[in-house]
Amino acid sequence: MSARVLLVSTNRERAPFPVVPNGMACVASALADAGHDVRVADLMFARDPIAAAARAAREQRPDVIGVSVRNIDNSDTIALRHYTPDAAATLAALRRAAPDAKVVAGGAAFGVAPKGLFDALGVDYAVAGDGERATVRLVDDLAAGRDPGEIAGLVRLRDGEVVFTPPGEDADLDALPQPRLHHWFDLARYERIGATVPIQTKRGCVYKCVYCTYRNVEGWGYRLRDPALVADEIAELHAHGVNHFDFVDSTFNSPPPHARDVCEAIARRTPRVTLETTNFTPAAAFPDLLALMKRAGFTALGITAESASDAVLVKMQKGFTADTVRVAAERIERAGIRSLWIFLVGGPGETAETLEETLRFAAERLRRGDAVYTTVGLRVYPGTTLHSIAVSEGSLAASDTLLDPTFYFSPELSLDDAVVRLRRFAADHPRFMFSADSRSMILPWLTRAASVLRLPRPHWRYMGLFQRITRMHLPRAARAHAG
């Protein structure tokens, strides 16, 4: 039997840039291929998201409502935004609009805290991990009137207790339907507000970064897609008017042989596209790979170095050294690819001295024309090594569910002193940005203007100009806003 399924994307965050809901597209395509009647409600552009969600539910009268929760919060200790209350309000509106529908939740956030979010949101079922097969099995059972069986990744209430079946991992990603992003979402509209179109070449991760949730969400180890199918997906989207793509793997350039094959396949299939990724590790910045990336269309890399100090890199278990970071910077520059360096300040082992090491490296890269993006404090998520570190240091109780945003900051460094130092550094370097700065009232309009004017990407290459305009107009804008 088929079911009417309404999938609702609740993510409305546009900082540091908006994100096209790739995971929901994967699930929508899987459900549609299984014969279900699927509609997607994307709340990114809704003036009143709760009213828009309720209207979609009343119009379709769904048997099943699937709600995607991408993040619990924005992981920003300075400009914190907590998304769970908004998701709960949307769910309540959907319940009122379609009281007979079963409500299922999913998204990356459920891979991080499946039981806690299930309790907090009060849904009928939730899916953690890979969503395609698990969601199809669940909806098939619900449509047939069957009690769902043991489905990998399913969270449910049984005899008054929240039960979570560990997620399965689809080893053969190539057997899954293509996401068909252009079918489910208005990609041109996303691009007009500064988004890039996501492409995934693999799932999983082999690195052990203490703060990261990738292994919880996608599993340990790599599950690789056929490079030819990746190139086919890009070619199909290119035929529908998409020219710029962002690889959203945990680390695009690892394992290097697969990344090489992907680049060669794209260069053969669609040689006139622009590519970037914000997930590039210095640990695998090989010259031949960088040359292939350049030939395939890569113009920019976001490099998740997190620090340029050995003391911090060791404690964060990044798997490379500060010297590796410096060598990667030289190789990427020689390859003619622009770099955005991403740093996390305040991790385990951070001191005033290690911060200065990172800032010296940042200053050198800024002089060379790169840009730098920095966050302060590390969000602690359940099941991560950082969670264990925080508990062992006494800054966090072992029983804390961590649904309320909780941050780690090195006890060897004053948070206030670090922020003052970073603000002073930012004043001298316009292409140096705090995560909090990306939430200014001016910056989103500048990013949108760059998209409308079709300025060459990446738009962070104009960060210096954007920052100067923002700082020039912010006091006036703030006064107008206050009035």
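The values are calculated or read from the model by the stated rules, or taken from the named source; none is laboratory data. Here the structure is a predicted model, which means the values were calculated and not measured. Ideal geometry is used to build each Cβ from the backbone, glycine not excepted, and the neighbour counts take in all protein chains shown.
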Top-ranked residue in segment 299-314 [being assigned to a strand (DSSP E or B) and hydroxyl-bearing (Ser, Thr, Tyr); ranked as nearest to Glu276 (Cα to Cα)]: Thr299
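For segment 268-294, name all the residues that are among the charged types (D, E, K, R) and within 17 Å of His238 (Cβ to Cβ).
The answer is Arg268, Arg269, Arg272, Glu276.
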Single condition Met1 does not satisfy, out of (1) crowded, with 19+ Cβ neighbours inside 10 Å; (2) part of a loop (DSSP other than H, G, I, E, B): (1)
If we keep just the residues of segment 83-128 that are in contact with a Gly (Cβ under 9 Å, 6 or more places away or on another chain) and assigned to a loop (DSSP other than H, G, I, E, B), which is farthest from Val27 (Cα to Cα)? Ala113
Output for segment 222-252, where each listed residue is assigned to a loop (DSSP other than H, G, I, E, B) and either touching a residue at least 40 places away in the same chain (Cβ under 8 Å) or acidic (Asp, Glu) (or both): Arg225, Asp226, His240, Gly241, Val242, Val248, Asp249, Ser250, Thr251, Phe252
Lone qualifier among Thr351, Thr406, Thr321 - being at pLDDT below 95 and hydroxyl-bearing (Ser, Thr, Tyr): Thr406
Among the listed residues Glu218, Glu191, which satisfies the condition of being closer than 26 Å to Gly168 by Cβ, acidic (Asp, Glu) and not assigned by TED's automatic domain parsing to the domain that holds Pro21? Glu218
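Here are some residues: Ala57, Ala89, Ala126. Which one is out of contact with any strand residue (DSSP E or B) (no Cβ under 9 Å at 6 or more places or on another chain) and free of Cβ contacts under 8 Å to residues at least 60 places away in the same chain?
Going through Ala57, Ala89, Ala126 in turn, the sole match is Ala89.
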Looking at segment 61-77, can you tell me whether even one residue there is at pLDDT 95 or above, surrounded by fewer than 20 Cβ atoms within 10 Å (Cβ to Cβ), over 16 Å from the mean Cα position of the chain (by Cα) and assigned to a helix (DSSP H, G or I)? no
